[in-house]
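Below is one structure, written out as structure tokens, with a few remarks after it.
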Amino acid sequence: MKKFFATLKNIWMIEDLRMKILFTVAFAAIYRFGSFVVLPGINPSQLVALREQTSEGLMSLLNMFSGGAFSNASIFALGIMPYITASIVIQLLAVAVPYFQKMQREGESGRRKINQYTRYLTIFILLFQGPGYLVNLRHMSGGALSPALDWTWFMISSTVILAAGSMFILWLGERITDKGIGNGVSMIIMLGIIARLPQAFGQEAVSRLNNLNGGGLVMFLVELVILFLAVLAAIMLTQGTRKVPVQYAKRVVGGGQQIGGARQYIPLKLFAANVMPIIFAQAIMFLPITLYGALSDGQNPSALMIALSDHTSWAYNLAFAALIIIFTYLYTAITMNPVQMAEDMKRNNGFIPGVRPGKDTADYIDNVMSHIMLPGSLFLAFIACMPAFAGLLNVQPEFAQFFGGTSLLILVGVVLDTLQQIESHLLMRHYDGLLESGRIHGRGMNAY
């Protein structure tokens with residue numbers, strides 16, 4: 001406890017770190033405040049049916065990612081997920097379309113162009129998702145709309161407001177990345193998830209202790225143990241590595257000084273894509289129900305649409321797991337290029353013992369990545385589907401989301417990333433780190 005308070009004191013003494021944390025807290029407060037600002041012309045006390053709809057199934061996930069803004073009919077109701085969907089499309093184009101491949105190779109200027117295209121595509125997606133949300137709102141809680149509203153004008157103005165709200169959230173995320181601590185978009189998603197945790201925990205505790213779901217206190221304690229084990233599994237997802245030894249030959253530089261000669265390791269992460277495949281897969285799974293709401297009146301949904309709206313159904317989980325496996329391979333292929341890694345090693349007089357530099361090294365790294373990627377993607381898919389198993393055991397739907405899946409992995413990943421950045425600031429200024437047992441490794445640490 002003494003070390004904990006000493007660490008907090010050290011953090012506060014570093015002006016740059018203190019300002020970054022204060023900026024992050026301020027932007028987070030703005031985001032949470034906006035989640036309760038209701039669209040004009042809506043009576044929030046009449047949104048009971050909408051809140052019931054978002055208490056379970058796929059809608060509960062969408063509501064969780066928006067921090068409850070979806071069920072509040074807030075100006076931030078669509079959240080950050082349209083931007084995630086746009087990012088998926090742009091990354092797929094970067095693999096298949098030469099024009100986007102060229103932009104990726106242009107460095108910082110290419111990255112700015114890609115970001116701009118992603119924003120344009122986000123706005124395009126919002127122009128479809130906004131009306132879909134409003135049609136669903138009218139169907140579920142039509143009584144919340146003011147009788148004096150003109151529906152056509154309400155659709156147009158509210159779609160603009162919802163689109164502007166999502167783009168403002170994206171702006172907040174970018175400001176957190178620039179001026180705060182951690183990755184802004186990931187932080188926004190985490191804030192939405194963690195905002196639901198106290199309520200979900202309280203509902204589950206009351207349900208078990210009142211014996212509504214059976215088991216009483218004993219079953220509730222068992223759930224907490226399972227949740228703790230799930231957290232450990234999520235940490236393993238972000239920390240597991242396969243080390244590839246790299247030997248660097250000695251070379252002489254100016255003044256006759258020799259450098260190199262030491263053996264180092266490339267830590268190929270067991271889950272190199274981290275939580276991104278789950279986020280991408282989740283965004284894709286949101287599309288059918290969003291498009292259905294935009295293109296229909298919500299009446300008489302098909303059996304397939306009902307199955308895809310239920311996160312405990314076999315159809316939903318099989319599709320979800322398949323998308324996670326596909327995106328794991330795709331995202332890893334985009335972010336980790338064995339040919340580039342082999343060229344970098346060769347340029348720095350490095351080689352893998354027993355493997356010829358160049359193409360053989362690239363093939364060796366690619367082979368190692370292929371061997372660790374399949375079990376990694378399968379385990380990632382299993383963790384992502386764990387909330388469905390928890391739901392089958394009568395765990396309250398909102399609390400079940402924290403037993404695995406996107407919620408738990410994002411929480412663990414973002415917390416580790418943030419702590420790693422804080423620790424880097426401390427060590428850079430010769431203060432003790434956060435842990436005595438070793439460094440904290442976040443998701444975004446460089447492979448070298």
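What follows is calculated from the coordinates using simple rules that are stated; it is not laboratory data. The shown structure was predicted, so the numbers you read here are calculated from the model rather than taken from an experiment. All Cβ positions, even for glycine, are placed from backbone atoms using ideal geometry, and neighbour counts span all protein chains on display.
Alpha carbon centre of segment 366-403 versus segment 43-73: separation in Å? Their Cα centres are 25 Å away from one another. With a simple spin-label model that places each label point 7 Å from the Cα along the Cα-to-Cβ direction, the separation between V38 and E174 comes to 3.2 nm.
Sequence-ordered 3J(HN,Hα) estimates for segment 44-50 from the Karplus curve with 6.51, -1.76 and 1.60 and θ = phi - 60° stand at x, 6, 9, 9, 4, 5, 5 Hz, glycine and proline given as x. Taking amide H atoms as placed 1.01 Å from N in the peptide plane, the amide H of A195 has no partner under 5 Å among residues 5 or more positions away or on other chains. Hull volume per residue, based on the alpha-carbon atoms of segment 85-188 and their convex hull, is 133 Å³. Principal axis analysis of the Cα atoms in segment 19-147 yields extents of 53, 39, 27 Å, listed in decreasing size.
Each residue of segment 87-93 is assigned a 3J(HN,Hα), and the resulting list reads 4, 4, 4, 5, 5, 5, 5 Hz, derived from the Karplus form 6.51 cos²θ - 1.76 cosθ + 1.60 (θ = phi - 60°), x at Gly and Pro. Of the peptides 181-193, 324-336, 18-30, the ranking by mean beta-carbon count within 10 Å, highest at the top, reads 181-193, 324-336, 18-30.
Residues whose amide H comes within less than 5 Å of that of I266, counting only those at least five positions distant or on another chain, are V244, V246 (H built at 1.01 Å from N in the peptide plane).
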